[in-house]
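S.K.: Let me begin by handing over the structure; questions about it come next.
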Amino acid sequence: MNERSLSDWELVYHEWNPEEQPTREALLTLGNGYFATRGAVEESPAGGPHYPGTYLAGGFNRAESEIGGKVIENEDLVNWPNWLPLTFRCEGGEWFDLAGVELLDYTHRLDLYRGVMHRRIRFRDRADREFELETRRIVHMDDPHIAAISWVVTPLNWSGAVEIRSAIDGRVTNNGVARYRDLNGRHLEVEETGHVGEEAVFLTARTLQSRIRMAQAIRTRVWIDDEPAALERRTQSEQNRISQSLSLVAEKNKPVRVEKVLSLYTSRDLAISEPAFEAFEGIRHAADFEALLERHQQAWRRLWRRADLELAGEECIPAQPVLRLHLFHLLQTASMHSTRRDVSIPARGLHGEGYRGHIFWDELFTFPYFNLRLPALTQALLLYRYERLHWARRAAKEAGYKGAMFPWQSGSDGREESQVLHLNPESGRWIPDNSHTQRHVNAAIAYNVWQYFQATDDMEFLSFYGAEMLIEIAQFWASIATYNPDRERYEIRGVMGPDEFHTRYPDREELGLDNNAYTNVMAAWVLKTTCAMLNMLGEDRKAELLQLLDVSPEDLLRWQDISERMFVPFQTSGLISQFEGWDSLEELDWDRLREKHGDIQRLDRILEAEGRDMNHYKATKQADVLMLFFLFSAEELSEIFSGLGYDFDPACIPENVRYYLDRTSHGSSLSRVVHAWVLARTNRERSWDLFQDALASDLDDIQGGTTKEGIHLGAMAGTVDLMQRCYTGIEMRDGILWLNPCLPKELKELNFCVHYRWHWLHIHLDHETMTVSFEKGWSCAARIGFAGEVYEMCAGDQKRFSLNGEKSS
Ligand code: BGC
């Protein structure tokens, strides 16, 4: 039997495999948008293949470390006390642990539809006692403060005394990423442990710097034959850990059912008195496992009704469950429980410690899905940025700019969290990390605001929060742009584009590159869109905003001017140049490199280890220029370029794509999604291959060991969005939902619902027709565009568009 199988709604591992366990823990993580716990086994503490991490959305702490005589500070998403520990032993023998028994049967299963993690194990211990163990775990999707475990242990050939141990372990550190192990991973101190009544114990802990407090209370109950078991309960308080031992007598073939329920509150919660008090109340009122499970499953059923998409076609059968797995993790990282919590989506989910739980431009890949499914959630996530305008303003000012300059990596308060040094595992050297010069993150935030507005028509949000962000970002771009009288154009110098391989010119001391095409075009787009937005808001609100944000009439003229005269570099061949000077870099021998090193995704690390500098070469880590074709349709791009006074023939897109694809190592999981997207209409085969690779990113851990540090949520969401927007050609522009489908041949049919401007639309797409049904809605007509025509549609309307030239109906 295969070690792993994936069916419509289930991911199953059929064997215990310690080497793979860290990756499985990430992929089997359970969460609810408020907190998440990795799919680690209950019976083993951290160590060897086990890393039981629990992460709170927005639960950050800063700590200092000394590297090479230099003190550096990092902010991390904290690993909180481990609420999982549960094990048992017979007659004073060894505590059950996978390493200490002979496994006769083992399955580890994730039920995506219900949000339940299961294990079924049969084992024999050293005294030849055989047991069957069935475990289930949930992190509650209805009550975000609850999680629960159910264990059913059946002695198969033996009866006797059993001791069950259930604990909360506060002896945890951030130790999940090997590269960070030289850094200080101590973020917590345990404050208190104790009892809550007889059946429950608690532990409270506090982060050392940010002073976030968390209280966990656990209640452990045991049943035999559906009756509470006769048992003796003892509580042990060791240092930073509290446990209860439950002693009872088990009988051969009689299942012993153990239930452990967790109530978790923190000082970041709204509407609470104090975390420990709330956790006590929570555990006192918590139902038993089956009742909790019922409510949890209902919540997941409701979620899936909004979230799912269905594919049909022989060749896409394997894709369906992977897309559901991706959706599952997306919905566990950000759910309605993330709203009003002042959080956004960490690039690696709440699934591990990679990138320290920081928030990057990856929102650009995750928000589009939510815009069309749970727009209230995108709104909340955009507010995370709004609340951090103060730091962005400070950062802009300190760098000598106006407006707001958002950080490349964002954490608790919105200051720049990019690390100063990073370790190259290939060479063992600590090297300066210059990725913070990726100012394009500011364009991504503006783009996200605009996309949210296009999807929702939420004028309230736009005129207050959205407008402030757009204006402050526009002001930043206008102040970082400088006028070059020789060219009679504006330029942006000294920044990095999305391709992180290039940080500076080979012969220049200063950081950054000049006129990164992606950055420049995006900046011009932000300025143009912000001017248009101000005109939409009407004179009164416009005047208020300009006064509030100190924008002068001269500023507005400058914005307009830059949006029409931004410089975009082109290569001598006429292709868009990634940045100015790209033409004079050296080519790499990609075939030879592949031959020599095999996996060259992280070419930067390989070359650094050889003492070479990536900056010399025409090689990119990920889509950079091509991001433009990913974010804008050919029509929109033509409009943008002609607004800038450049000739742009969409026919040049495939040539640009081919050129950069040949020079890209896909060192970021985002890259394959973008390439699959931009090739979808011109090179369908290559696009489908890249889509397949993107699907495998985490499931097969194709970056060779990064998934264990957390999933790659941008790529996960991107694969779903390929179905949702790319293959349907959904584009939201000027208050119209344009459709321009292009279904790969491997896909026979696509079915899903989207939420557009207060309507629920069902979309059915096959190779002959696209049918749009306005199923439910609370607003007047919305406009749908197809093949140059615009149709007004209301709740109850249906339109069938023919894709082979027949008349639509
Ligand atoms: C990529 C970035 C991305 C980050 C977090 C990096 O490897 O180069 O574009 O934002 O990972 O996912």
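S.K.: Using each residue's phi in the stretch 117-130, evaluate 6.51 cos²θ - 1.76 cosθ + 1.60 at θ = phi - 60° and report the 3J(HN,Hα) Karplus result to the nearest Hz, with x for Gly and Pro.
M.R.: Once rounded to whole Hz, the list reads 9, 10, 10, 9, 10, 10, 8, 10, 8, 5, 9, 6, 7, 10.
S.K.: Please report the Cα spread of the stretch 60-170 along all three principal axes, rounded to whole Å, starting with the longest.
M.R.: Dimensions of the stretch 60-170 along the principal axes of its Cα atoms: 60, 38, 22 Å.
S.K.: Using a ≥ b ≥ c from the Cα gyration tensor of the stretch 376-503 (square roots of the eigenvalues), is it rounded, prolate or oblate, where a/c under 1.5 gives rounded and otherwise the larger of a/b and b/c decides, a/b for prolate?
M.R.: Numbers: a/c = 2.04, a/b = 1.31, b/c = 1.56.
Oblate, since a/c reaches 1.5 and b/c is not below a/b.
S.K.: Please go through the stretch 71-128 and write out the GluC sites (Glu not before Pro) that DSSP classes as loop and that have at most 14 other C-beta atoms within 10 Å. Numbers along the way, then the final one.
M.R.: On the way: sites: Glu73, Glu75, Glu91, Glu94, Glu102; in loops: Glu91, Glu94.
When the GluC sites (Glu not before Pro) of the stretch 71-128 are filtered for loop state and at most 14 Cβ neighbours within 10 Å, Glu91, Glu94 remain.
S.K.: Just to verify a number: FRET efficiency for Glu191 and Glu586, C-beta to C-beta distance, R0 = 60 Å, to 0.05? If you can, show how the numbers build up before the last one.
M.R.: Numbers: r = 58 Å, r/R0 = 0.97.
For R0 = 60 Å, the calculated efficiency reads 0.55.
S.K.: Roll a 1.4 Å probe over the protein chains and send me the accessible area per residue for the stretch 727-809 in Å². Can you show the working numbers first?
M.R.: Numbers: 3790 Å² over 83 residues.
Per residue, the stretch 727-809 has 46 Å² of solvent-accessible surface.
S.K.: Continuing with the same structure: How big, on average over all directions, is the shadow cast by the Cα convex hull of the chain, in nm²?
M.R.: Working: hull surface 141.7 nm².
Value for the chain: 35.4 nm².
S.K.: Fully extended, how many nm does the chain gain between Arg681 and His762 (0.36 nm per residue separation, minus their Cα-Cα distance)?
M.R.: Numbers: separation 81, 0.36 × 81 = 29.16 nm, distance 2.36 nm.
Fully extending the segment from Arg681 to His762 adds 26.8 nm.
S.K.: Treating cross-link reach as a plain straight distance, find the lysines whose alpha-carbon is under 26 Å from the alpha-carbon of Lys542, omitting any fewer than eight places away in the same chain.
M.R.: Lys397, Lys402, Lys528
S.K.: To the nearest 20 debye, what charge dipole does the stretch 567-622 have about its Cα centre, counting +1 at the Cβ of each Lys and Arg and -1 at the Cβ of each Asp and Glu?
M.R.: Values: 8 positive and 12 negative charges, 38 e Å.
Using Cβ point charges on Lys, Arg, Asp and Glu, the stretch 567-622 gives about 180 debye.
S.K.: A follow-up question, please. Extension gain Glu315-Ile67, at 0.36 nm per residue separation less the Cα-Cα distance, in nm?
M.R.: On the way: separation 248, 0.36 × 248 = 89.28 nm, distance 5.08 nm.
So the extension gain works out to 84.2 nm.
S.K.: If the cut-off is 16 Å between C-alpha atoms, which aspartates and glutamates fall inside it for Lys776, apart from same-chain ones fewer than 8 positions away?
M.R.: Reachable aspartates and glutamates: Glu792, Asp797.
S.K.: Also, quick follow-up: Relative contact order for the chain: what is it in percent, counting Cα pairs under 8 Å that are at least 6 residues apart? List each step's numbers first, then the result.
M.R.: Numbers: 1755 pairs, mean separation 85.8, N = 809.
The value is 11 percent.
S.K.: For the chain, which whole percent of the accessible surface, found with a 1.4 angstrom probe, sits on carbon and sulfur atoms?
M.R.: 46 percent
S.K.: May I ask you to give the solvent-accessible area per residue for the stretch 4-305, in square angstrom, as obtained with a 1.4 angstrom probe?
M.R.: Values: 11590 Å² over 302 residues.
Averaged over the residues of the stretch 4-305, the accessible area is 38 Å².
S.K.: Which value, in debye to the nearest 20, describes the size of the charge dipole of the chain about its Cα centre when Lys and Arg Cβ atoms bear +1, Asp and Glu Cβ atoms bear -1, and nothing else is charged? Can you show the working numbers first?
M.R.: Numbers: 90 positive and 125 negative charges, 209 e Å.
So the magnitude is around 1000 debye.
S.K.: Additional query: Amide H of Leu104: which non-local residues (sequence gap of 5 or more, or other chain) have their own amide H closer than 5 Å, using H built in the peptide plane?
M.R.: Counting only residues 5 or more places away or on other chains, the set is Arg122, Phe123, Arg124.
S.K.: Label Glu198 and Met459 with points 7 Å out from Cα along Cα→Cβ: what is the distance between them in nm?
M.R.: The modelled label-to-label distance comes out at 6.4 nm.
S.K.: Can I ask one more? I need the calculated FRET efficiency for the pair Asp700 and Ala178, taking r as the beta carbon distance and R₀ as 25 Å, to the nearest 0.05. Intermediate results must be reported in sequence, preceding the final value.
M.R.: Working: r = 20 Å, r/R0 = 0.80.
The value I calculate is 0.80.
S.K.: Along the charge dipole of the chain, Cβ charges K/R +1 and D/E -1, which of Leu423, Ser263, Ala396 sits furthest on the positive end?
M.R.: Of the candidates, Ser263 comes out farthest on the positive side.
S.K.: Select from the stretch 13-45 those GluC sites (Glu not before Pro) which occupy a DSSP coil region and have at most 11 other Cβ atoms within 10 Å, ordered by residue number. Mind showing how you got there, number by number?
M.R.: On the way: sites: Glu15, Glu19, Glu20, Glu25, Glu42, Glu43; in loops: Glu15, Glu19, Glu20, Glu42, Glu43.
Here the GluC sites (Glu not before Pro) that fit, given the DSSP loop and packing criteria, are Glu19.
S.K.: Over the stretch 432-492, consider all pairs of different Cα atoms and compute the Kirkwood hydrodynamic radius from their mean reciprocal separation; express it in Å, one decimal. Kindly include the intermediate steps, with their values, before the conclusion.
M.R.: On the way: mean 1/r = 0.0749 Å⁻¹.
Computed over the stretch 432-492, the radius equals 13.3 Å.
S.K.: Here's something else I'd like to know. So for the chain, taking the charge dipole from beta-carbon charges (+1 Lys/Arg, -1 Asp/Glu), which of Val449, Gly512, Met459 sits furthest toward the positive end?
M.R.: Checked the options; the winner is Met459.
S.K.: Can you give me the relative contact order of the stretch 358-726 as a percent, contacts being Cα pairs under 8 Å and 6 or more apart?
M.R.: On the way: 577 pairs, mean separation 53.8, N = 369.
In percent, rounded to a whole number, it is 15.
S.K.: Please compute the per residue accessible area over the stretch 358-726 with all protein chains in place, 1.4 Å probe, rounded to a whole number of Å². All intermediate terms of the calculation are to be shown ahead of the outcome.
M.R.: Working: 12750 Å² over 369 residues.
Heavy-atom SASA per residue in the stretch 358-726 reads 35 Å².
S.K.: For the stretch 4-305, rounded, prolate or oblate, judged on the Cα gyration tensor with a ≥ b ≥ c (square roots of eigenvalues), a/c < 1.5 rounded, else prolate if a/b > b/c? Please list the in-between numbers first.
M.R.: Numbers: a/c = 1.45, a/b = 1.36, b/c = 1.07.
Rounded, because the longest to shortest axis ratio a/c is under 1.5.
S.K.: Can you compute the label reach from Asp550? Point 7 Å from Cα along the Cβ direction, backbone N cut-off under 18 Å, restricted to the stretch 453-494.
M.R.: 468-481
S.K.: Can you tell me how much longer the chain between Arg340 and Ala376 gets when fully stretched, taken as 0.36 nm per residue apart minus their C-alpha distance, in nm with one decimal? Don't skip to the end; give the middle numbers.
M.R.: Values: separation 36, 0.36 × 36 = 12.96 nm, distance 1.06 nm.
Result: 11.9 nm gained on full extension.
S.K.: What's the FRET efficiency of Cys531 with Val790 using the Cβ-Cβ distance as r and R₀ = 22 Å, to the nearest 0.05? Mind dumping the intermediate values first?
M.R.: Details: r = 24 Å, r/R0 = 1.11.
Once rounded, the FRET efficiency stands at 0.35.
S.K.: Would you mind calculating the relative contact order of the stretch 328-440 from Cα pairs under 8 angstrom and at least 6 residues apart, reporting the percent as a whole number?
M.R.: On the way: 144 pairs, mean separation 20.5, N = 113.
Relative contact order, the stretch 328-440: 18 percent.
S.K.: Whenever you get a sec, line up Lys745, Lys776 from highest to lowest accessible area (probe 1.4 Å, protein heavy atoms). Walk me through the intermediate numbers first.
M.R.: Working: Lys745 130, Lys776 105 Å².
From most accessible down to least: Lys745, Lys776.
S.K.: Towards the positive end of the charge dipole of the chain, with charges on Cβ (+1 Lys, Arg; -1 Asp, Glu), say which of Cys316, His285, Gln622 has the farthest Cα.
M.R.: So the residue we want is His285.
S.K.: Quote the charge dipole size of the stretch 167-295 about the Cα centre in Debye, to the nearest 20; the model charges only the Cβ of Lys and Arg (+1) and of Asp and Glu (-1). Mind dumping the intermediate values first?
M.R.: Details: 19 positive and 21 negative charges, 133 e Å.
Computed charge dipole of the stretch 167-295: roughly 640 debye.
S.K.: While we're on this one: Report Rg/Rh for the stretch 358-726, rounded to two decimals, where Rg is the Cα radius of gyration and Rh the Kirkwood radius. Please list the in-between numbers first.
M.R.: On the way: Rg = 20.0 Å, Rh = 21.1 Å.
Checking Rg against Rh, the ratio lands at 0.95.
The values are calculated or read from the model by the stated rules, or taken from the named source; none is laboratory data. What you are looking at is a predicted structure, and each value in this text was computed from that prediction instead of being measured. Heads up, the Cβs are rebuilt from the backbone with ideal geometry, glycines too, and the neighbour counts pull from every protein chain shown. Surface accessibility is based on the protein's heavy atoms, side chains included, excluding ligands, DNA and RNA. Shrake-Rupley method; radii C 1.70, N 1.55, O 1.52, S 1.80 Å.
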